[in-house]
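Q: A single structure is presented below for examination.
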Amino acid sequence: MPNAVFHLPLAALLLLPELVNAQSAAAISDFSTGISISVDPGGAYNIAAQNPAWSFTGNIGSPLSALSVDAGADAIGSFQRINFCYSSGGARLASIRTYAGRPVVLFSVTYLDAAPNADPFPTLATYPAGLAHLSFDGIFALYTFDVLAPDSPWVFFDSSANTFLLSPASHFNIAATSTDSTGAIAAGIDAGITALPAGFTQQTLLVVDPGINAAFNDWGSALTALQQKIPPANDADVTLARLGYWTDNGAAYYYQFQPALGYQSTLAAVQSDFTRAGVSLGYMQLDSWFYPKGAAEDWRDYTSGIYKYVADPSLFPDGLAAFQQKLALPLVTHARWIDTASPYRAQFQMSGNVSTDSTYWNLLSGYLHGSGVVAYEQDWLGSQAQANLNLIDRTAYLNNMAASCAQDGIAIQYSMPRPRHFLEASKFSNVTTIRVSEDRFDRGRWDEFVFGSRLATSVGVWPWTDVFNSSETYNLLLATLSAGPVGVGDAIGAVNAANLLQAVRPDGVIVKPDAPIVPLDSSILCLAQRTDCPMVASTYSDFGGLRANYVFAYTRGANQAIAFTPAALGAQQPVYVYNYFSGAGALLNPADTFSDTLVNGPGYYIAVPAGPSGIAFLGDAGQFASLGKKRIAQVTDSGVLEATVLFAAGETSRTLYGYAPTAPVASAQRGSATPVRFDPATQLFHLDVSPDSGGEAVIDLQLPPN
């Protein structure tokens, strides 16, 4: 849950010894970030940054009182702060903070008197002109360079990727950012709420950075810190750690089953099919078909809301818990809105088509916990499944959902979210995943997916592609590079095990990068100009001084030429860039440009540093994320490259590979290794390694002495 924000009461401000002279401006500056702030007694305020050299100004429009400067610390870090009071429909207390080591400014305003919802703070009358902008809009928070959506962070950038980002930092469900006829940006509360009570506080974050992705990262780390969210690890729950089977829209068994088997036996047969193929499932998702809906209490009704949130007795005569115990797999369950015919409307407090009642959420989470459900998917968030717009209901709805599920150890996935739901997810540690693209993942969803991943990872939640089939190599690759869930919906007999085993181990554990794949700054800049340019996006596995980057590129029009530099990936030393699909590679300096032409479909490249040993270690030759930590647990290079390799139960051998100027020599500290096979023409080497009795191998690689 978010932390309580400390506010200086008016009486305390009046007693502060560091009150500024009534004729003087208050000023603070942080040398580590180059951000300085000044507030004039007449009401004008200014924020100036050095990198980039940008300024932002606003004016309260009336004289200030109790103007003071202080310092302190909150969940973001150490800060300096300017405090002041003013009147606008009633007394207000405001402040502007800047933080040590973070290019972040936090605005705060508290209504000391009840007042109309007017004259929001901050209102930035001037800010850098002529910038492109990015925001997220509507259901699934689809990226846009045209619209500045009121419930989205607003991201402005120049042609060099210098960026400022402005967003709400509290009351996400009712916050709204807008512009007026002069172009001034106002960060306030939705106009549908006409008055604000005494004691109401709203906060706003401004981030200024020399980079688009850098701004997202700095904003997200500040926002989640402020909300005291503990961002989940990429294997925090079974939906993140292991391959799942999904029955939602686009899957083989969405509202249908094998006629000779029935639903329960169909799903049991699915599990057996994966086992026969040599890939274990980690969980199974039950979509909206599993509960009765509408006045007729019919599971087949796919247009109505929940009648009762229980497994339909015609499908599960012994109940959900009995099915789960027989299947022996954790379950993920879907939920819609509550139907107008549902008895819940008379039992529980409602708002719109959802319940804000903690008793309802305790009942629901208790049922799920007792039925072997480990994750709850709240769908239709941006449509029917939302509470009424007021000061209380939207917050109560999501807060009580999160609290009840947390109490029962249940993770939450948001589906059909609007931008405000992404921001709301920054509050809850058990909101672990979020849908970032529309139903049934395919080629037409890739752009919205990589941009949605950028927003999701900022707020401490992992992106979910939605379902696809195991035969779809590129969809599977992108899902793996999301570092989030990987879930398929194949019909019985259609499992492509060879494909899946590039993404997961035989035990279903996903071999994934450390972070979601996001567009490079260069791609965002190019797309913002509406030019025909391919998408280039990247993610990584980080081993401290050694970072492997994974780059996925695809065309968006006729232009097939792609290019990037190792430096754009963060590299500061020579890097070997390997084409996963062609098997070719090149050793580049950080500033060198790698280029390719996407003639035969998307490109996938693994970029790894050539460290002190002279070896560029590519990892496991059989995995998309070849240095994912569920396969390569650790890599160090101090002149001898050492790698720890993890094996699933029953695995007897894996092939490692990499680049070296001459054939390296391998030895095993644990497990065993074959002699290195080296191709002098490509300078690529391969070797096979086997585990010890504990399921691990530790391998040393070094070049022979001259």
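The values are calculated or read from the model by the stated rules, or taken from the named source; none is laboratory data. Worth saying up front: this structure is predicted, and the values here are computed from it rather than measured. All Cβ positions, even for glycine, are placed from backbone atoms using ideal geometry, and neighbour counts span all protein chains on display. Just so you know, the surface numbers come from the protein's heavy atoms only, side chains and all, with ligands and any DNA or RNA stripped out. Shrake-Rupley method; radii C 1.70, N 1.55, O 1.52, S 1.80 Å.
Q: Within region 552-562, identify whether any single residue is in contact (Cβ under 8 Å) with a residue 24 or more places away in the chain, farther than 25 Å from residue 159 by Cα and either under 19 Å from the mean Cα position of the chain (by Cα) or surrounded by 14 or more Cβ atoms within 10 Å (Cβ to Cβ) (or both), and answer yes or no.
A: no
Q: Only residues that are among the small types (Gly, Ala, Ser), within 12 Å of residue 607 (Cα to Cα) and open to solvent by 50 Å² or more (accessible area, probe 1.4 Å): list them for region 568-583, please.
A: Correct list: 568, 570.
Q: Looking only at region 442-452, which residues are more than 17 Å from residue 165 (Cα to Cα), in contact (Cβ under 8 Å) with a residue 60 or more places away in the chain and buried (at least 24 other Cβ atoms within 10 Å of the Cβ)?
A: Answer for region 442-452, where residues must be more than 17 Å from residue 165 (Cα to Cα), in contact (Cβ under 8 Å) with a residue 60 or more places away in the chain and buried (at least 24 other Cβ atoms within 10 Å of the Cβ): just 450.
Q: Select from region 240-258 the residues that are among the polar types (S, T, N, Q) and more than 16 Å from residue 271 (Cα to Cα) and list them in ascending order.
A: 249, 256
Q: Only one of 490, 507 is over 28 Å from residue 595 (Cβ atoms), in contact (Cβ under 8 Å) with a residue 24 or more places away in the chain, open to solvent by less than 10 Å² (accessible area, probe 1.4 Å) and in a loop (DSSP other than H, G, I, E, B); which?
A: Residue meeting the stated conditions: 490.
Q: Within region 597-614, can you find the residues that are more than 28 Å from the chain's Cα centre (by Cα) and buried (at least 19 other Cβ atoms within 10 Å of the Cβ)?
A: Hits for region 597-614 are 610, 611, 613.
Q: While we're on this one: Can you name the number of the only condition in (1) in contact with a helix residue (DSSP H, G or I) (Cβ under 7 Å, 6 or more places away or on another chain); (2) open to solvent by 10 Å² or more (accessible area, probe 1.4 Å); (3) among the polar types (S, T, N, Q); (4) over 17 Å from residue 133 (Cα atoms) that residue 213 fails?
A: Result: residue 213 passes all but (4).
Q: State all residues of region 659-674 that are of a type outside the set (Gly, Ala, Ser) and open to solvent by 30 Å² or more (accessible area, probe 1.4 Å); if no residue qualifies, say none.
A: 661, 662, 665, 669, 670, 674
Q: Could I ask something else about it? Identify, from the list 151, 113, 146, 119, the residue that is crowded, with 19+ Cβ neighbours inside 10 Å and not in a strand (DSSP E or B).
A: Answer to the check: 151.
Q: Restricting attention to region 86-100, which residues are assigned to a strand (DSSP E or B), among the aliphatic types (A, V, I, L, M) and in contact with an Asp or Glu (Cβ under 7 Å, 6 or more places away or on another chain)?
A: 91
Q: For region 101-119, name all the residues that are within 27 Å of residue 454 (Cβ to Cβ) and either touching an Asp or Glu at 6+ places or on another chain (Cβ under 6 Å) or not hydrophobic (A, V, I, L, M, F, W, C) (or both).
A: 101, 102, 103, 108
Q: What single numbered condition from (1) part of a strand (DSSP E or B); (2) over 13 Å from residue 231 (Cα atoms) fails to hold for residue 432?
A: (2)
Q: Further, regarding this structure: Can you pull out the residues in region 667-706 that are assigned to a strand (DSSP E or B) and of a type outside the set (A, V, I, L, M, F, W, C)?
A: Within region 667-706, 667, 669, 670, 672, 677, 679, 686, 688, 690, 696, 700, 702 meet the criteria.
Q: For region 444-481, what are the residues that are over 27 Å from residue 600 (Cα atoms), in contact with a Leu (Cβ under 9 Å, 6 or more places away or on another chain) and among the small types (Gly, Ala, Ser)?
A: 458, 460
Q: At least 1 residues that are among the hydrophobic types (A, V, I, L, M, F, W, C) and touching an Asp or Glu at 6+ places or on another chain (Cβ under 7 Å) in each: list the strands (runs of 3 or more DSSP E) lying fully within region 155-241 that qualify.
A: Where strands (runs of 3 or more DSSP E) fall fully within region 155-241 and carry at least 1 residues being among the hydrophobic types (A, V, I, L, M, F, W, C) and touching an Asp or Glu at 6+ places or on another chain (Cβ under 7 Å), they are 175-179, 185-189, 201-209.
Q: Here's a follow-up. I'm trying to understand the selection: among the residues of region 388-410, which are under 20 Å from the mean Cα position of the chain (by Cα) and open to solvent by 10 Å² or more (accessible area, probe 1.4 Å)?
A: 399, 406
Q: Can I ask one more? Go through 687, 656 for me and flag whichever is within 29 Å of residue 553 (Cβ to Cβ), open to solvent by less than 10 Å² (accessible area, probe 1.4 Å) and out of contact with any Cys (no Cβ under 8 Å at 6 or more places or on another chain).
A: 656
Q: Same structure again: With respect to residue 33, is the statement that it is in a loop (DSSP other than H, G, I, E, B) and either closer than 20 Å to residue 199 by Cβ or not small (Gly, Ala, Ser) (or both) true?
A: yes
Q: Ok, one more. Can you report the number of residues in region 60-85 which are part of a strand (DSSP E or B) and either over 17 Å from residue 24 (Cβ atoms) or among the charged types (D, E, K, R) (or both)?
A: 7
Q: If you don't mind, another one. Here are 73, 100: which of them is at pLDDT 95 or above, farther than 19 Å from residue 219 by Cβ and under 31 Å from the mean Cα position of the chain (by Cα)?
A: It is 73.
Q: Additional query: Only one residue in 546, 587 is out of contact with any Cys (no Cβ under 8 Å at 6 or more places or on another chain), farther than 30 Å from residue 154 by Cα, touching a residue at least 60 places away in the same chain (Cβ under 8 Å) and open to solvent by 30 Å² or more (accessible area, probe 1.4 Å), so which one is that?
A: One residue alone meets the criteria, 587.
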